[in-house]
C-alpha cells in the first residue's frame, strides 16, 4: 500500500475487481431470487410444541383445497414419521406446506420440487411449491433426528389431470 | 531482554532462540498438538466406518466401539472439527505469536492452567460422547438432549480458548510497552486477530451452553427453544470456520512464502485482510438457517449480503498468497504466465501439502458461495453436498495445511528431522487424490437430493442413480483413511525413531512490501473491535431481542438414539 510502487499497482488491480465480483454476484442473486419469486421460510407463527395435535390446523392434518389449483398440506412430524405421509394432488397444483414438529428437529425435503425447510418444535414452517409433472415425489427428513432417522419418509403423488 | 528490545521484529525472530528461552512455550505447543492428533486419529477411524457404510460394507467387530452409524458420525464430527482443530490452533497460534515477538507468554502458569482446563473439559465431554450418551452431532441441536457432561466439557474447552486470548493480549501488551511506535510483527498480529475474532464469535455458543443447554440437561429447567438455540449456535458456528481457517492463512502468509523460496508479496494487504475477518466474520450466521422458520426473510438476505462481503478478504488472501508463491517459483527459475507454478518446491511435503490445500480451498470457497446464495441454498441445504463442502474446507484446506505445518513443527519441537519426506509426500498426494474422489461424489449425491447424516443404505428412498455413485464415497474415504494412517506413522516415527538432528528456526518470510507502509489505522484495535460489535448488533440484534423476549422455553428434551 505504499503509493507509486509496482506492488501498489498490482494490489489496486486486484482489489477493485475483488469488490466488483461479489457485488456482481449479489446482484445476480437478487435478480434470480426475486425475479423468480423464490421465497425462504420466514415468520409463520409459533405453536406450543407440547400441544401440537390439539392446536389448529395440526389437529386435523391432511390436504385441503383452498382455491382453484391451490392446496394446503397441514403436516406434523414426529419420530420417525410425517402425518400425513402421503399427499395426493392433481398436476399443476400449488401446494403450501404448513408444518411443525412434535418432538425434535426434523426436515421437510422434497428435492424434486425444491422444497427444503426445517421443522422446529415451537415454530410453524410455511413453504410453497408447484407440482406440474405427474409422478411420485419422495419426501425425506433431512435432519438427524435419532436412531431411525433414515426411515423417516413420505411422498407426494401428483396425479395426471383428467 | 534488553538485547531483544533493540532488534527489529525480523531479526528478533532469528535471534529469539538465542536470546529468549521459549522451551516452555514449545512444550505447551507440543502438548496441545498431541491431544489434537489423538482426536484426529479417532476421527479418521470413525470416518472410515461411515465411508464404508455408504457402500453397504460394515467392518466386523465395529459394534464393540460404535453403537450405531449415528454414534460414529457424532464422534467423527466432534473429534475432527471441534477437538482436532481447536487443540491444534491452541498450540500453533501461541507458538507463532511468542516466536514472532521473541517473547515468552505473559503468564506461563496461566498457559499451563489453560492446557489443563481444556484437557479436563475434553475428558469430561468425551465420556458421554464415547459412551453413546451424546449422539447429538457436533451441532447438538436441542431438543435432542445429551448428557450434561458433554455440554459442560465443551464449555470448559471454550473457556480455555478465552484464557489463551487473555494470555496473548497480555503478551502483546508487554511487547508494545517495550516497542513504542513499532509495528506488531505480522504473525503476532494475525494470531491476536484470530483469537480476538474467536472470542467475540464464541459468545453465542457460550450463551447457548450457559443459559439453555447446561441448566436444561441438568434438569434445572424443564424446557428449551430449538430456534433460539440454533440462532445462538450459528452465531458461533459460522465464524468458527474462520477460527479454523485463519491459522492456516497465517501459515500461508507468514511461512509458506519462505518455504517456497520467496517473499510475502504484501504485508499491508495481509493485515487488511485479517482486519476484515475480525470485523465481518460473525454477523452472517443466518446463512446456515435460510431454511429455518421464525427468522424474517429480510434478515436472511442481510446475512447473505454480509457473507458475500467476507468473500472479499478471502479474495485478497488468494491474490497475496499466489503472488508470494510466484515470487518463490520465479526465484527458483520459474518462467511464463502459469508454468512457474511447476517450479514450486513440490518435493517438500510442507509446501506440497499447503499448496494442495490452497487449490482445494478455491473449490471449497466457490461451493461456500453457492451455499450462502439465498435461493441456491435450497438445492443443497442438509444434503450430502454439505459434508462434501466441509471436507474440502475444514477437511482439506485446514487439515491438510495443519498436516503440512506439523511436517516442520514436529521436527522443530522434537529436534529430529522428519522421518521420511517421501512417505510424507505420498501421504499428501493420497489425501488430495482421495479427497477429489470422496468430495466430488458427495457433492454430486447432494445435487441428486441425498440427505446428509443419514444411514443411507438402510433408507427406503435410495435410488439406483445414488447407488451408482455411493461406492465412490467408500473408495475416496478409504484412501483418506490410508493417508491419515501414513501421516501418523510418519509423525510417530519422527518422534521415536528419527536420529538425525533438526536444525532450523521458525521460517518467517520477508515481505516485498513491508510493514513500514502499513497505514497506522491497521495497528489500532479499538475502532475495529467497535465496528465488529456494531455490525453484530445490527445484524443479530433485532432477531435475538425478539426471540429472547417472546420465546417460552417449552420444548422438553429427548434421547432418541
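The values are calculated or read from the model by the stated rules, or taken from the named source; none is laboratory data. Treat the numbers as computed from the prediction; the structure is a model and nothing was measured. Positions of Cβ are backbone-derived with ideal geometry, glycine not excepted, and every protein chain shown enters the neighbour counts.
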Helices (runs of 4 or more DSSP H) enclosed by segment B:54-170 - at least 3 residues per element that are under 30 Å from residue B:556 (Cβ atoms) and under 22 Å from the mean Cα position of the chain (by Cα): B:69-77, B:108-130
Test: residue in segment A:85-96 that is loosely packed, with under 13 Cβ neighbours inside 10 Å, at pLDDT 90 or above and either more than 9 Å from chain B (Cβ to nearest Cβ) or part of a helix (DSSP H, G or I) (or both): yes
Enumeration of residues in segment A:74-89 that are touching a strand residue (DSSP E or B) at 6+ places or on another chain (Cβ under 6 Å) and without any contact (Cβ under 8 Å) to a residue 60 or more places away in the chain: A:74, A:75, A:76, A:83
Within segment B:525-561, tally of residues that are more than 14 Å from chain A (Cβ to nearest Cβ), buried (at least 18 other Cβ atoms within 10 Å of the Cβ) and more than 25 Å from the chain's Cα centre (by Cα): 1
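Among the residues that make up segment B:147-160, is at least one of them within 14 Å of chain A (Cβ to nearest Cβ) and more than 30 Å from residue B:509 (Cβ to Cβ)?
Applying the first criterion (within 14 Å of chain A (Cβ to nearest Cβ)) to segment B:147-160 yields none.
No: zero hits.
Given the criterion in contact (Cβ under 8 Å) with a residue 60 or more places away in the chain and touching a helix residue (DSSP H, G or I) at 6+ places or on another chain (Cβ under 9 Å), identify the matching residue among B:230, B:173. Walk me through it before giving the result.
On the way: B:173 fails: touching a helix residue (DSSP H, G or I) at 6+ places or on another chain (Cβ under 9 Å).
Exactly one residue qualifies, and that residue is B:230.
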So residue B:522, is it closer than 30 Å to residue B:201 by Cβ, in contact (Cβ under 8 Å) with a residue 12 or more places away in the chain, touching a helix residue (DSSP H, G or I) at 6+ places or on another chain (Cβ under 6 Å) and away from chain A (no Cβ under 11 Å): no
Test set (1) on the phi > 0 side of the Ramachandran plot; (2) out of contact with any helix residue (DSSP H, G or I) (no Cβ under 6 Å at 6 or more places or on another chain); (3) at the interface with chain B (Cβ under 8 Å from one of its Cβ atoms); (4) surrounded by fewer than 18 Cβ atoms within 10 Å (Cβ to Cβ) - residue A:151 fails condition number: (1)
Odd one out for residue B:152 among (1) at pLDDT below 95; (2) in contact with a helix residue (DSSP H, G or I) (Cβ under 7 Å, 6 or more places away or on another chain); (3) surrounded by fewer than 21 Cβ atoms within 10 Å (Cβ to Cβ): (1)
Single residue of B:401, B:373 found to be surrounded by fewer than 24 Cβ atoms within 10 Å (Cβ to Cβ) and either within 12 Å of another protein chain (Cβ to nearest Cβ) or in contact (Cβ under 8 Å) with a residue 12 or more places away in the chain (or both): B:373
Options A:46, A:51: the member that is more than 18 Å from residue B:298 (Cα to Cα), more than 7 Å from chain B (Cβ to nearest Cβ) and touching a residue at least 12 places away in the same chain (Cβ under 8 Å): A:46
Looking only at segment B:485-519, and only at residues there that are free of Cβ contacts under 8 Å to residues at least 24 places away in the same chain and more than 22 Å from residue B:99 (Cβ to Cβ), the one that is surrounded by the most Cβ atoms within 10 Å (Cβ to Cβ): B:492
Yes/no for residue B:511 being touching a strand residue (DSSP E or B) at 6+ places or on another chain (Cβ under 8 Å), within 14 Å of another protein chain (Cβ to nearest Cβ), under 30 Å from residue B:309 (Cα atoms) and modelled with pLDDT under 95: yes
Given (1) at the interface with chain B (Cβ under 10 Å from one of its Cβ atoms); (2) over 26 Å from residue B:136 (Cβ atoms); (3) buried (at least 18 other Cβ atoms within 10 Å of the Cβ), index of the condition residue A:156 fails: (1)
Cross-chain or 6+ apart pairs with Cβ under 6 Å, segment B:248-269 first and within 14 Å of another protein chain (Cβ to nearest Cβ) and at positive phi, then surrounded by fewer than 24 Cβ atoms within 10 Å (Cβ to Cβ) and assigned to a loop (DSSP other than H, G, I, E, B): none
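Of the residues A:104, A:63, only one is at the interface with chain B (Cβ under 7 Å from one of its Cβ atoms) and either more than 25 Å from residue B:137 (Cβ to Cβ) or without any contact (Cβ under 8 Å) to a residue 60 or more places away in the chain (or both); which?
Numbers: A:63 fails: at the interface with chain B (Cβ under 7 Å from one of its Cβ atoms).
A:104 is the lone residue from the list that is at the interface with chain B (Cβ under 7 Å from one of its Cβ atoms) and either more than 25 Å from residue B:137 (Cβ to Cβ) or without any contact (Cβ under 8 Å) to a residue 60 or more places away in the chain (or both).
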Counted residues, segment B:525-560 - those being in contact (Cβ under 8 Å) with a residue 24 or more places away in the chain and not in a loop (DSSP other than H, G, I, E, B): 17
Complete set of residues in segment B:438-452 that are part of a helix (DSSP H, G or I) and surrounded by 18 or more Cβ atoms within 10 Å (Cβ to Cβ): B:438, B:439, B:441, B:442, B:443, B:444, B:445, B:446
Qualifying residue in segment B:453-461 (condition: in contact with a helix residue (DSSP H, G or I) (Cβ under 8 Å, 6 or more places away or on another chain), within 14 Å of another protein chain (Cβ to nearest Cβ) and loosely packed, with under 15 Cβ neighbours inside 10 Å): yes
Filter pass, residue B:219 being touching a residue at least 40 places away in the same chain (Cβ under 8 Å) and at positive phi: no
Failed item, numbered, when residue B:183 is tested on (1) away from chain A (no Cβ under 14 Å); (2) farther than 26 Å from residue B:289 by Cα: (1)
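Inside segment A:100-125, can you point out the residues that are over 11 Å from the mean Cα position of the chain (by Cα) and part of a strand (DSSP E or B)? First the steps, then the outcome.
We begin by selecting, within segment A:100-125, every residue over 11 Å from the mean Cα position of the chain (by Cα); these are A:100-106, A:112, A:120-124.
Once the filter is applied, which keeps residues that are over 11 Å from the mean Cα position of the chain (by Cα) and part of a strand (DSSP E or B), segment A:100-125 yields A:100, A:101, A:106, A:121, A:123.
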Which numbered condition residue A:41 fails, given (1) within 14 Å of another protein chain (Cβ to nearest Cβ); (2) surrounded by fewer than 19 Cβ atoms within 10 Å (Cβ to Cβ): (2)
Scan of segment B:287-300 for residues that are crowded, with 19+ Cβ neighbours inside 10 Å and at the interface with chain A (Cβ under 9 Å from one of its Cβ atoms), ordered by number: B:289, B:290, B:291, B:292, B:293, B:294, B:295, B:300
Some residue of segment A:131-139 being at pLDDT 95 or above, under 24 Å from residue A:43 (Cβ atoms) and either surrounded by fewer than 16 Cβ atoms within 10 Å (Cβ to Cβ) or within 10 Å of chain B (Cβ to nearest Cβ) (or both): yes
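Every residue, every condition in (1) within 30 Å of residue B:514 (Cβ to Cβ); (2) buried (at least 18 other Cβ atoms within 10 Å of the Cβ); (3) modelled with pLDDT under 95; (4) out of contact with any strand residue (DSSP E or B) (no Cβ under 7 Å at 6 or more places or on another chain), yes or no:
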site: B:205; (1), (2), (3), (4): no, yes, no, yes
site: B:211; (1), (2), (3), (4): no, no, no, yes
site: B:217; (1), (2), (3), (4): no, yes, no, yes
site: B:222; (1), (2), (3), (4): no, no, yes, yes
